[in-house]
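Enquirer: Quick one: the structure is below, and I'll ask about it shortly.
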Amino acid sequence: MKPASMKTSTKPHSNKNHSRQSNVTTSRFAGIIGMAALLPGLLLFGFSAKAVNVLANPGFETGDPTGWVKYGVFDFNTTNNFYYNGGVNISNVWIYDGRFSGKTYGQFNGQVNDNGEYQDVGILAGSVLSADCWVYTSSEDHIAGNDSAWIEVHFMDAGNNDLALYKSQVITPDPATLPLDNWYDYPVTNQVSPVVANVSTLVAPAGTAKARYQIVFHQPTGDGGSVYWDDATLNLISGPTPPSILNIYPSGTLLMQGTNKLAFTVMASATITNVQVVLNGTDVSGSLSIAGSMTSNSVIYPSLQSNRLYSVTITVKDANNLSSSISRNFDSFDANSFTWEAEDYDFNGGSYIDNPVLPSTSNPSPNSYYLKVGVEGVDYHDISLDGTKAYRPSDTMATEPCSDLLRQKYIVAQQADPTIQDYDIGWFNGTEWLNFTHSYPTGTFNIWARMSSPGGSSLTLSRVTNGWGTASQSTEDLGTFTLVNGLGWGTYSWVPMTDPAGNLIQVTMGGTNTLRATTAGNNNAQFFMLVAANTNLPTLTGIYPNSGLQSTNTFAFNANSAAGINAGSIKVTLNGVDVSSALVIGGSSTSRQVTYPFLAPNTSYHAVILVTDINGQQANPTVNFDTFSGSAFLWEGVDYDYSGGLFIDEPSTNAYRGLSGNEGTDFHDTCNGGPANYRPDCPATEPCGDFARAKFVPGVATNYDLGFVATDEWENYTRTYPSGTWNVYLRGARVGATVTNTFGRVTNGWGTVSQDLESLGTMSVSDTGGWQSYRYIPLVDSNNRLVDVPLAGTNTLRITAGDAVNYNFFILTPPLKLKAAVNAGNFVLSFGTQPGFNYTVQSKTNLNDASWTAVGTVGGDGTTKSVSDPKTGPSRFYRLQVH
């Protein structure tokens, strides 16, 4: 057993990590069995020196969940991260061993939740094991309230049924269970089922097929605090050892390990019976080169392609029917590719350094960007003035130590100077930008960014075409880096620069150029890279819908390749559902026209397209869009009333700019902070990072949101609303537990401080993944049904916050409902419509009839339509089909 140790560091970093949740079953054993009063680090046992740790990635050194299954919250921290400390960031995280540790805390979702990671390992009955993990909690973010944490080991049969369960001592806020500010080794010493006992080893019962090692953080009531984990062990003391998968290269623990071969070795205590490799979802086992003995194999897959992202799962089985599996994510980029760091933006009004050295804090070099001073509006643009300034402290742009995987050049440099570290641009908010002037290599390139976000985010790269070194610069857009589903602030992703159709953009470079990266917000930027463009990839054109407010029933695109594309090689998933079998595919093999004609109205979609040509080259873009109508009536969240109830009907873009409202009449706000970029009032107005709408032209008009909202704050929106009955949606964003906003109509006292309010329903906003990651939030009643709101003429509508939410806009949509009336011997069926969809009324005389009969079909145009059916009997049943 290793003695408890404690490591310190003084490197600051923002800990902004959040994670999506998934469900997993854990055992909850709140009691502490046996030697509870003893510190876990002192519970020592004489285990065999030959014990083998059968866990993959036990110290989380890949910086991601490789080898583990993550559920709820489990973040990965380096010494660049710091403890949350209630929002006052002071001290850095201490790592027990290596570069990374794991961190657990609650989801703060108002519900009982469990968080952590688990790993399954093949184990046979009768095997003897031990388990432990090094654990830490900081006085700056001490596990609190009713929270608890522990390690558990399940023995399970082939059907995943629990046969036995063992646990460590339970960690609670009581320091006796885990003293503060030091690493302690926590062994699994308590048998919980089928009997309760203190144990020194864990014995696999009859029927065991695997052991599950699991880390658990239990949050029942929303209390705070965190627990850190490092160097987990599940030691096999006796019994058949499952196969080991070793020496994987590329390992995924470094960036840019360019090679054309995937290589690894396999060791087993019994004859190796099967080696399987699944690469990017394709089984390539038939292409493996395997050499060695019956129990020791050297394995090579020789056909990696350059400049690709890979996900591999390796599974090995032996004659004992034991198996091991390990997953890795890696890239095949050349370490010599031309890169530039996001924090190395221009300084002194257009000055730059070609081939800068890596920054040393102990011996700063004039040939690095460390401590350089940029000119606001010339070298960079920062509107929020927030965040850490660790790298360029004289600038307002936030620069922070980076917890990403390292590149080889940093590892080499740190051997000579440990103060050299990697940095990123953090607190990178909507419309902020950075200029990068360099002597770029000559050629045609694809461009990649390394970036992170807790949700969706994007960067637009442009070229400065005029005004270099001045405050008046002209630019031309080159493309966009779109991160669809970020994994957290500290978990970085490779993101290519693409066009709106998701095709990799080819950019011709050469000589001195100034490139500009502009963020839509919710983004950390690490570095950028040029790679030689692949001119043989299939291309996608004409993707529609490809953004928001595009009302249509058909998703369409063209797939093009000179090599040819088989129709069966075109795959589409919508919101996680494979709809490939419903695609309508026409055209020739070199130019396929693809449609999916079954979109629903007023729906948000996440589309993943995969097109593989005859040569195996792929295009694999993702597209977010919705089918709300662009011609629907909507109003901006920032365009609330002004001057005591005044309003603007059909306002031009940014028409409310600079107009002041009256507190208690037009809005109520506690003045709790935030920028006033659009209006001078207490309600904060800031640039919005949601999808681009046509009326907001860059450099002419800006989309703003209303942010920094607090509980019980409200805004009034007076308009001459269109006559009819409507469903109402908010386009909103939030980070944290679900919050319920109320929505109502002012019925009396307009323009005064004494107003009467009619409640219309609620709008509940769950965590959208980021403050600039927006969703449509419907107005619903207490039964979670869409509310039908009748409107005509001038009305004042009000939203009242339950807690912090960002408001982008509100939109009215026609309810998808049939209204029936009898007129002149006909049943008249009326319904609201929207453009891009067809509406068919169908009927039955008896519900037991085998089929429905079409009465009539009309095209939607945003108005109320009707279909008549002769009244030939006492009753009839109708339904409305939208297509």
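The values are calculated or read from the model by the stated rules, or taken from the named source; none is laboratory data. What you see is a predicted model; the values in this text were computed from it and never measured. Note that each Cβ is placed from the backbone with ideal geometry, even for glycine, and that neighbours are counted across all protein chains shown. Quick note on the areas: whole protein, heavy atoms, side chains included, nothing else; ligands and nucleic acids left out. Shrake-Rupley method; radii C 1.70, N 1.55, O 1.52, S 1.80 Å.
To keep it simple, each residue is scored yes or no on (1) assigned to a strand (DSSP E or B); (2) among the aliphatic types (A, V, I, L, M).
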{"residue": "HIS142", "(1), (2)": "no, no"}
{"residue": "VAL153", "(1), (2)": "yes, yes"}
{"residue": "ALA164", "(1), (2)": "yes, yes"}
{"residue": "LEU180", "(1), (2)": "no, yes"}
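Enquirer: Considering only residues that are under 12 Å from TYR878 (Cα atoms) and in a loop (DSSP other than H, G, I, E, B), look in region 806-842 and name the one that is most open to solvent (accessible area, probe 1.4 Å).
Expert: Only one residue fits best here, namely LYS817.
Enquirer: Next question, about the same structure. For region 781-805, which positions are in a strand (DSSP E or B) and either more than 19 Å from ASN716 (Cβ to Cβ) or over 37 Å from the mean Cα position of the chain (by Cα) (or both)?
Expert: Answer for region 781-805, where residues must be in a strand (DSSP E or B) and either more than 19 Å from ASN716 (Cβ to Cβ) or over 37 Å from the mean Cα position of the chain (by Cα) (or both): LEU786, PRO790, LEU791, ALA792, GLY793, THR794, ASN795.
Enquirer: Among ASP75, ASP141, which is under 22 Å from the mean Cα position of the chain (by Cα), acidic (Asp, Glu) and under 23 Å from THR388 (Cβ atoms)? Break it down stepwise before answering.
Expert: Working: ASP141 fails: under 22 Å from the mean Cα position of the chain (by Cα).
Every option except ASP75 fails the conditions.
Enquirer: Which of the residues that make up region 124-161 are surrounded by fewer than 23 Cβ atoms within 10 Å (Cβ to Cβ) and either without any contact (Cβ under 8 Å) to a residue 60 or more places away in the chain or among the basic types (Lys, Arg) (or both)?
Expert: Matches in region 124-161: SER139, GLU140, MET156, ASP157, ALA158, GLY159, ASN160, ASN161.
Enquirer: Output the residue which, of all residues in region 752-805 that are farther than 12 Å from TYR729 by Cα and basic (Lys, Arg), is least open to solvent (accessible area, probe 1.4 Å).
Expert: Taking the candidates together, the pick is ARG798.
Enquirer: Restricting to region 663-697, what's the tally of residues that are without any contact (Cβ under 8 Å) to a residue 60 or more places away in the chain, more than 30 Å from GLU476 (Cα to Cα) and not in a strand (DSSP E or B)?
Expert: Counting residues in region 663-697 that are without any contact (Cβ under 8 Å) to a residue 60 or more places away in the chain, more than 30 Å from GLU476 (Cα to Cα) and not in a strand (DSSP E or B) gives 11.
Enquirer: Now for a separate question. Check off (1) outside any loop (DSSP other than H, G, I, E, B); (2) over 30 Å from GLY576 (Cα atoms) for PHE625 and give me the number that stays unchecked.
Expert: (2)
Enquirer: Another question, then. Just checking, which of ALA559, ALA632 is of a type outside the set (D, E, K, R), open to solvent by less than 50 Å² (accessible area, probe 1.4 Å), in contact (Cβ under 8 Å) with a residue 12 or more places away in the chain and not in a loop (DSSP other than H, G, I, E, B)?
Expert: None of the other options fit; the residue is ALA559.
Enquirer: A follow-up question, please. Can you list residue pairs whose Cβ atoms sit under 6 Å apart, with the first residue in region 399-416 being over 27 Å from TRP433 (Cβ atoms) and the second being modelled with pLDDT of 90 or more and open to solvent by 10 Å² or more (accessible area, probe 1.4 Å)? Count only pairs 6 or more apart in sequence or on different chains.
Expert: Filtered contacts from region 399-416: GLN408/ALA335; ALA413/LEU358; ALA413/ILE420; GLN414/ILE420.
Enquirer: Still on this structure, I have one more. Only residues that are open to solvent by 20 Å² or more (accessible area, probe 1.4 Å), not β-branched (Val, Ile, Thr) and not in a loop (DSSP other than H, G, I, E, B): list them for region 219-258, please.
Expert: Passing the criteria: ASP231, ASN235, SER238, SER244, LEU246, ASN247, TYR249.
Enquirer: What's the total number of residues in region 649-669 that are of a type in the set (Phe, Trp, Tyr) and surrounded by fewer than 17 Cβ atoms within 10 Å (Cβ to Cβ)?
Expert: Residues in region 649-669 being of a type in the set (Phe, Trp, Tyr) and surrounded by fewer than 17 Cβ atoms within 10 Å (Cβ to Cβ): 0 in total.
Enquirer: With (1) surrounded by fewer than 16 Cβ atoms within 10 Å (Cβ to Cβ); (2) out of contact with any Pro (no Cβ under 8 Å at 6 or more places or on another chain) as the list, and LEU549 as the residue in question, which single condition is left unmet?
Expert: Condition (1) is where LEU549 drops out.
Enquirer: Which condition breaks for LEU646 when tested against (1) over 19 Å from PHE708 (Cα atoms); (2) open to solvent by less than 50 Å² (accessible area, probe 1.4 Å); (3) modelled with pLDDT of 95 or more?
Expert: (2)
Enquirer: To continue, here is another question. Identify, please: which residue in region 387-401 is open to solvent by 10 Å² or more (accessible area, probe 1.4 Å) and over 19 Å from SER360 (Cβ atoms) and is, among those, modelled with the lowest pLDDT?
Expert: If we take residues in region 387-401 being open to solvent by 10 Å² or more (accessible area, probe 1.4 Å) and over 19 Å from SER360 (Cβ atoms), then GLY387 is modelled with the lowest pLDDT.
Enquirer: Right, next: So SER306 clears everything in (1) open to solvent by less than 70 Å² (accessible area, probe 1.4 Å); (2) more than 30 Å from VAL375 (Cβ to Cβ); (3) under 31 Å from the mean Cα position of the chain (by Cα) except one condition, right? Which one?
Expert: For SER306, the exception is condition (1).
Enquirer: Only one of these is small (Gly, Ala, Ser), at pLDDT 95 or above and either in contact with a Leu (Cβ under 9 Å, 6 or more places away or on another chain) or at negative phi (or both): SER337, SER325, SER311. Name it.
Expert: SER337
Enquirer: Report the residue count in region 666-692 for those that are of a type in the set (Gly, Ala, Ser) and at positive phi.
Expert: Going through region 666-692 one residue at a time, the tally reaches 2.
Enquirer: Consider THR482 carefully, then state whether it is at pLDDT 95 or above, assigned to a strand (DSSP E or B) and open to solvent by 40 Å² or more (accessible area, probe 1.4 Å).
Expert: No: the conditions fail for THR482.
Enquirer: In the list TRP433, TRP448, TRP489, which residue meets the criterion of being buried (at least 16 other Cβ atoms within 10 Å of the Cβ) and over 18 Å from TYR345 (Cα atoms)? Show your work before the answer.
Expert: Values: TRP433 fails: over 18 Å from TYR345 (Cα atoms); TRP448 fails: over 18 Å from TYR345 (Cα atoms).
So the residue among TRP433, TRP448, TRP489 that is buried (at least 16 other Cβ atoms within 10 Å of the Cβ) and over 18 Å from TYR345 (Cα atoms) is TRP489.
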